[in-house]
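Colleague: Please find one structure pasted underneath; my questions will follow.
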Amino acid sequence: MVSAVFHSPIATATDGSATKTEAAAAHSAVASSPKDTQTAAQTLPEQSAPAFDWNGLLLKVFPPLAGLALLIGIWALVSIGTASSIPSPLETWKQAVVIFSDPFYSKGPNDQGVGWNVLFSLKRVALGFGLAALVGIPAGFLIGRFEFLSRMFNPLISLLRPVSPLAWLPIGLLVFKGANPAAIWTIFICSIWPMVINTAVGVQRVPQDYMNVARVLNLSEWKIFTKILFPSVLPYMLTGVRLAVGTAWLVIVAAEMLTGGVGIGFWVWDEWNNLNVKNIIIAIFVIGIVGLLLEFALIKIATAFTFEEVKS
């Protein structure tokens, strides 16, 4: 049996021209030399390196410098307006160079360098804050975990928290019979409230579904604390720690002004008694820089131990 296939003349012509075109293109590709390929590659535009983001750098650097320049300008105008009763920025800078050339000198208990005064203040803050953390963080967990304790202590916290920390200083002097423990007691009482409140709020905001699962699995209180409460409450707890340290550093200056001894607050008051305003201004900047460093360090610690969705 013989079968015949008929093709249209138009289709035949089209297929033939397409075949010729493809053969010519293939022949042209084969006939092209490596030199021609290199020439074509050289004619392609090269990818340029990404340009440096000068605008981003300017936005990061210029605003802080502008704010600092504004502060120095206002300071200079105030110095001129008060007939140099307030030292000028240049005079204060020269005095700062002299002070920080030897910040750890010691010429007796009441005459020590600014470095020793800052270290003594930090030591008092560390002791008072550490005691507050040992008491406040566990207390916050218990108050947030058990409703009975929450109802029991919430009125006491609401009553005592608004009291100025310096109001507790005479109580400390009466009980501890010494200026140094009284200052530490003042730091303790002002640092404990942020940690108690933030930790308790964090415990109360743990999703109820987590606690239901723990109840179904019959987990012990220790397991609930280590596996559920602590990871969830950690961001709140670190926020309370950061607030407590900032408050403690503010209060220690005022407490040392009243109690005396060695410390940055006592140094400020002693320079005021000597009418050395330049040293007082230097002490203000030292207090601010140390507080800024403490805040920055705690923010970094909190960021390292905080979940991504909380960071944002």
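Colleague: Kindly check whether there is at least one residue in segment 144-154 that is modelled with pLDDT under 90, buried (at least 17 other Cβ atoms within 10 Å of the Cβ), part of a loop (DSSP other than H, G, I, E, B) and in contact with a helix residue (DSSP H, G or I) (Cβ under 8 Å, 6 or more places away or on another chain).
Modeller: No, segment 144-154 contains no residue that is modelled with pLDDT under 90, buried (at least 17 other Cβ atoms within 10 Å of the Cβ), part of a loop (DSSP other than H, G, I, E, B) and in contact with a helix residue (DSSP H, G or I) (Cβ under 8 Å, 6 or more places away or on another chain).
Colleague: Turning to a different aspect of this structure: Mind checking which pairs have a first residue in segment 219-230 that is farther than 17 Å from ASP209 by Cβ and a second that is surrounded by 14 or more Cβ atoms within 10 Å (Cβ to Cβ), Cβ under 9 Å, 6 or more apart or different chains?
Modeller: If the second residue must be surrounded by 14 or more Cβ atoms within 10 Å (Cβ to Cβ), the pairs left are GLU221/ARG145; PHE225/PHE141; PHE225/ARG145; PHE230/PHE141; PHE230/MET237.
Colleague: Taking the condition hydrophobic (A, V, I, L, M, F, W, C), under 27 Å from ILE252 (Cα atoms), buried (at least 21 other Cβ atoms within 10 Å of the Cβ) and touching a residue at least 24 places away in the same chain (Cβ under 8 Å), does ILE157 pass?
Modeller: no
Colleague: Would a scan of segment 66-74 turn up a residue that is more than 25 Å from the chain's Cα centre (by Cα), among the small types (Gly, Ala, Ser) and modelled with pLDDT of 90 or more?
Modeller: Checked against the condition, which is being more than 25 Å from the chain's Cα centre (by Cα), among the small types (Gly, Ala, Ser) and modelled with pLDDT of 90 or more, segment 66-74 yields at least one hit.
Colleague: Yes or no: segment 52-70 includes at least one residue that is among the β-branched types (Val, Ile, Thr) and either within 20 Å of PHE285 (Cβ to Cβ) or surrounded by 11 or more Cβ atoms within 10 Å (Cβ to Cβ) (or both).
Modeller: No, that holds for no residue.
Colleague: Can you confirm whether VAL118 is buried (at least 17 other Cβ atoms within 10 Å of the Cβ) and in contact with a helix residue (DSSP H, G or I) (Cβ under 8 Å, 6 or more places away or on another chain)?
Modeller: The answer is yes for VAL118.
Colleague: Taking segment 271-307 only, how many residues are surrounded by fewer than 18 Cβ atoms within 10 Å (Cβ to Cβ), among the charged types (D, E, K, R) and touching a residue at least 40 places away in the same chain (Cβ under 8 Å)?
Modeller: 1
Colleague: Here is a check on your reading of the model: is ALA167 part of a helix (DSSP H, G or I) and surrounded by fewer than 23 Cβ atoms within 10 Å (Cβ to Cβ)?
Modeller: The answer is yes for ALA167.
Colleague: With the structure loaded, tell me whether GLY140 is assigned to a helix (DSSP H, G or I), out of contact with any His (no Cβ under 6 Å at 6 or more places or on another chain) and over 20 Å from PRO235 (Cβ atoms) or whether it fails that test. Spell out how you get there, then give the answer.
Modeller: Values: assigned to a helix (DSSP H, G or I): yes; out of contact with any His (no Cβ under 6 Å at 6 or more places or on another chain): yes; over 20 Å from PRO235 (Cβ atoms): no.
Answer is no for this residue.
Colleague: Of the residues that make up segment 109-123, is at least one free of Cβ contacts under 8 Å to residues at least 40 places away in the same chain and not in a helix (DSSP H, G or I)? Break it down into steps so the answer makes sense when it comes.
Modeller: Pass one, segment 109-123, residues free of Cβ contacts under 8 Å to residues at least 40 places away in the same chain: 111, 113, 115, 119, 123.
Still in the running and not in a helix (DSSP H, G or I): 111, 113.
Yes; the residues of segment 109-123 include at least one that is free of Cβ contacts under 8 Å to residues at least 40 places away in the same chain and not in a helix (DSSP H, G or I).
Colleague: Might you check whether a residue that is at pLDDT below 85 and surrounded by fewer than 17 Cβ atoms within 10 Å (Cβ to Cβ) occurs anywhere in segment 246-267?
Modeller: Among the residues of segment 246-267, at least one is at pLDDT below 85 and surrounded by fewer than 17 Cβ atoms within 10 Å (Cβ to Cβ), which makes the answer yes.
The values are calculated or read from the model by the stated rules, or taken from the named source; none is laboratory data. Being a predicted model, the structure only gives us computed values, none of them experimental. Neighbour counts run over all protein chains shown; Cβ positions are idealised from the backbone, glycine included.
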